[in-house]
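**Q** Following this message is one structure expressed as structure tokens.
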Amino acid sequence: MRKIIIAGNWKMNTTLTEAQTLASELKGLISSEGSTEVILCPPFISLHAVNEIIKDSGIKLGAQTMANKESGAYTGEISAAMLAATGCSHVILGHSERREYYGETNALINQKIKLAFAHNLTPIVCVGETLEQREQNVTFAIIEQQLRESLHDLSAELAAHSIVIAYEPVWAIGTGKVATPEQAQEVHAFIRKILTSLYGASFSENTSVQYGGSVKPDNIAELISKPDIDGALVGGASLQANSFATLIATAKPVAAN
Ligand code: PGA
């Protein structure tokens, strides 16, 4: 049975004090009893403080990116070891904003995934097509290439570690244009097919594939009701405690599909 995972990607929002307030409010609102896994991904500078607040609550901590090097003279970078020592269990890798604004390639993301595993971090690997690519009918080709190259040569690591995939159509991120549940399901089913061809049916069936892009409290239930959608990576709607808590509470299938 795959887990439903809801992750809040705070991006470059919240000062230290704001992050502490948001984490405290969420801790008070989110029930730890549900089977849904909740991950908060604040900016690096707030990871430690947020961890202090959530560490005994069942809510997990994730980072938004990390370096592709183990340690050393890489000014400004943050390593997998640092994240693990700060309480992170997860790290988002290959978010489309990292790909678009910081030139991250599938090969670089593959290096980062290996380093994340080496430090017992679970990577949340993002894939997704741009509007132009969707209009050119190359969505599946792009997703397949992103998956094959980013997840290249991980057999040894995957025997001991798990991974989360996030399908985020770039045209739906921060735009209010959510993919229809049918559009999302179509790509999620395709992702599962590629995961099967890469590492076998059991790996594919046990790997959670999140949807991301303008997920809100009022569209999560329908998305989650689709058979291959196992949660969400949430940007804007994760910055308000009440609305994020409602979104999490609503993240249950409305009907079997
Ligand atoms: P959004 O961002 O929910 O604000 O569209 C999602 C993401 O980029 O992970």
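The numbers here are math on the coordinates, done by the rules we state, and not lab data. Not measured: the values here are computed from a predicted model. Virtual Cβ from ideal backbone geometry, glycine too; neighbours counted across all protein chains shown.
**Q** Let a ≥ b ≥ c be the square roots of the eigenvalues of the Cα gyration tensor of the stretch 50-98; is it rounded (a/c under 1.5), or, if not, prolate (a/b larger than b/c) or oblate?
**A** oblate
**Q** Then there is this: Pick from Ala85, Ala179, Ala73: which is most flexible by mean-square fluctuation in a GNM of the chain where alpha carbon atoms under 10 Å apart are linked?
**A** Ala73
**Q** Also, quick follow-up: Among Gly235, Gly34, Gly213, whose mean-square fluctuation peaks in a Gaussian network model of the chain (Cα, cutoff 10 Å)?
**A** The residue that fluctuates most here is Gly34.
**Q** Please report, in debye to the nearest 20, how large the charge dipole of the chain is about its Cα centre when each Lys and Arg carries +1 at its beta carbon and each Asp and Glu carries -1 there.
**A** Its charge dipole is roughly 240 debye.
**Q** Identify the GluC sites (Glu not before Pro) of the stretch 36-110 meeting these criteria: DSSP loop state and at most 16 other C-beta atoms within 10 Å of the C-beta.
**A** Taking the stretch 36-110 and a limit of 16 other Cβ atoms within 10 Å, the loop GluC sites (Glu not before Pro) found are Glu70, Glu77.
**Q** Here's a follow-up. Where the convex hull is taken over the Cα atoms of the stretch 102-227, what is its projected area averaged over directions, in nm²?
**A** Over every viewing direction, the Cα hull of the stretch 102-227 projects on average to 8.0 nm².
**Q** Taking only the alpha carbons of the chain, what extent do you get along each of the three principal axes, in Å, biggest first?
**A** For the chain, the Cα spread along each principal axis is 46, 45, 34 Å.
**Q** Another question, then. Karplus couplings for the stretch 205-218 from phi (6.51 cos²θ - 1.76 cosθ + 1.60, θ = phi - 60°), rounded to Hz, Gly and Pro as x?
**A** Karplus-based 3J(HN,Hα) across the stretch 205-218 equals 5, 9, 9, 6, 10, 8, 9, x, x, 6, 6, 9, x, 8 Hz.
**Q** Keeping to pairs on different chains or 8 or more places apart, tell me how many lysine pairs in the stretch 1-142 have Cα atoms under 22 Å apart.
**A** Taking the Cα cut-off of 22 Å, the pair count is 14.
**Q** While we're looking at this one, here's another question. Using a Gaussian network model of the chain whose springs link C-alpha atoms within less than 10 Å, name the residue from Ala232, Ala156, Ala184 with the highest mean-square fluctuation.
**A** Result for the chain, Cα springs under 10 Å: Ala156 fluctuates most.
**Q** For the stretch 172-257, report the translational diffusion coefficient in µm²/s to the nearest whole number, using Stokes-Einstein at 25 °C, 0.890 mPa s, and a Kirkwood Rh over Cα pairs.
**A** Once the numbers are plugged in, D ends up at 185 µm²/s.
**Q** For Glu104, what residues show an amide H to amide H distance below 5 Å, using hydrogens built from the backbone and excluding near sequence neighbours?
**A** Here the answer is Arg99, since their amide H atoms fall under 5 Å of that of Glu104.
**Q** Starting from the amide H of Ile39, placed 1.01 Å from N in the peptide plane, find each other amide H under 5 Å away whose residue is 5 or more places distant or on another chain.
**A** Here Ile6, Ala7, Gly8, Lys60 satisfy the definition.
**Q** Something else about it: Show me, for the stretch 187-193, the HN-Hα J-couplings you get by feeding each phi into the Karplus relation (A = 6.51, B = -1.76, C = 1.60, θ = phi - 60°), rounded to Hz, glycine and proline as x.
**A** In residue order, the calculated couplings are 6, 4, 5, 5, 4, 5, 5 Hz.
**Q** Let me ask another. Compute the distance from the alpha-carbon center of the stretch 30-102 to that of the stretch 126-162, in whole Å.
**A** 22
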